[in-house]
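The values are calculated or read from the model by the stated rules, or taken from the named source; none is laboratory data. Model, not experiment: these values are computed from the prediction. Counting neighbours? That spans all protein chains shown, and the Cβs are built from the backbone with ideal geometry, glycine included.
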Amino acid sequence: MAAVRGASVDPVRLVAAPPTLEEVAARAGVSRSTASRAINGGARVSPSALAAVRAAVGALGYSPNRAARSLVTRRTDSIALVVPEPDELALSDPFVLAILQGLSSSLADSDVQVVLVIARPGQSERTVRFLAGGHVDGAVVVSHHRGGDLDPALADLPVPLVFVGRPYAAVGEARASGAHYVDTDNVAGALLATRHLLERGRRRLGSIAGPADMSAGIDRLEGFRRALAEAGLPADAVVHSDYTLAGGRAAAHRLLDEYPDLDGIVAASDLVAVGAMGALSARGKQVPGDVAVVGYDDLGVAESANPALTTVVQPAVSMAAAAGQRLLELLAGGGTSEPEIFEARLVVRAST
């Protein structure tokens, strides 16, 4: 194209340099490290400093060079949510869905993304390679089982881990090993559920307990047995199930075959409890007239059940949000190894 006669064309066009992190810090009146923490999740930053940094970022139009930062810090700005369950359970369990919701909410003010990793039984080597291969900065692990090929590998991973639910170990062992976890007081929750049935006049109680290789299943069974021991009643009517509707139905049939005189059932989860109510209905038994039923979770299934299910609240969304915040703190070089335990609470509905 011919140049326009008389026009002056500069061979170099000056472009303003992008604002730097130092300029953001100076405008906000904070140190460079505080500005960096505020931009990368807000861990260990006061609300006033966080607000000042955000205002400076907006005023200056600052945008971190994520590719360059990744080369320097070896950070991916991604964390994994690891679910060691089969696909059909991991993708349908209301508890896992609530965990995903809570974890996402805890990262809403950061640039950190969540990667869902389903650690299928027998295929944990692939999961371990992914977690150890620099693809994520850390992980939140739910539904932790003892044993299998994933369990021993978790301790050797080079990234920080936070568990939702106490890892399968004695509480003292978990603390001694520095395991980071959030949980609900499962023993106290099962105590509440069992005592509630006793207060309603039920005297022959059974438990559909969770998997024996998971701390939640063990703790809830402990609460059931403790409440019956306090009342001087037998705690022999126990069967185990996974946390599924079908598992609860099958377990209830086994329980009723062996203990046909039951007048109350404490179930390990709401899905298990609803499955148990289906088994009771198939046998012509009324809930709660013949057998009262209590679940555990209160994640939507309980309220929509027929009859509506009395249950122990497990604040899964809040637990996952706390786990996500704990992981962000660890990635920022802070955090505590003390577990965060949520209080158990009973919601009474028509099933009892």
Being modelled with pLDDT of 75 or more and not in a strand (DSSP E or B): is that true of Ala174 here? no
May I ask you to list the residues in the stretch 242-267 that are modelled with pLDDT under 95 and either of a type in the set (Asp, Glu) or in contact with a strand residue (DSSP E or B) (Cβ under 6 Å, 6 or more places away or on another chain) (or both)? Asp242
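Filter the stretch 23-37 for residues that are in a helix (DSSP H, G or I) and of a type in the set (S, T, N, Q); which is surrounded by the fewest Cβ atoms within 10 Å (Cβ to Cβ)?
As a first pass, look at the stretch 23-37 and keep what is in a helix (DSSP H, G or I): 23-28, 32-37.
Keeping just the survivors that are of a type in the set (S, T, N, Q) gives 33-34, 36.
Numbers: Ser33: 14, Thr34: 19, Ser36: 20.
Out of the qualifying residues, it is Ser33.
Out of the stretch 277-305, which residues are within 23 Å of Val187 (Cβ to Cβ) and more than 25 Å from the chain's Cα centre (by Cα)?
Of everything in the stretch 277-305, those that are within 23 Å of Val187 (Cβ to Cβ) and more than 25 Å from the chain's Cα centre (by Cα) turn out to be Ala292, Val293.
How many residues are at pLDDT 80 or above and closer than 14 Å to Gln325 by Cα when one looks only at the stretch 38-50?
Taking the stretch 38-50 and keeping what is at pLDDT 80 or above, we get 38, 45-50.
Then drop every residue that is not closer than 14 Å to Gln325 by Cα, which leaves 38, 45.
The qualifying residues number 2.
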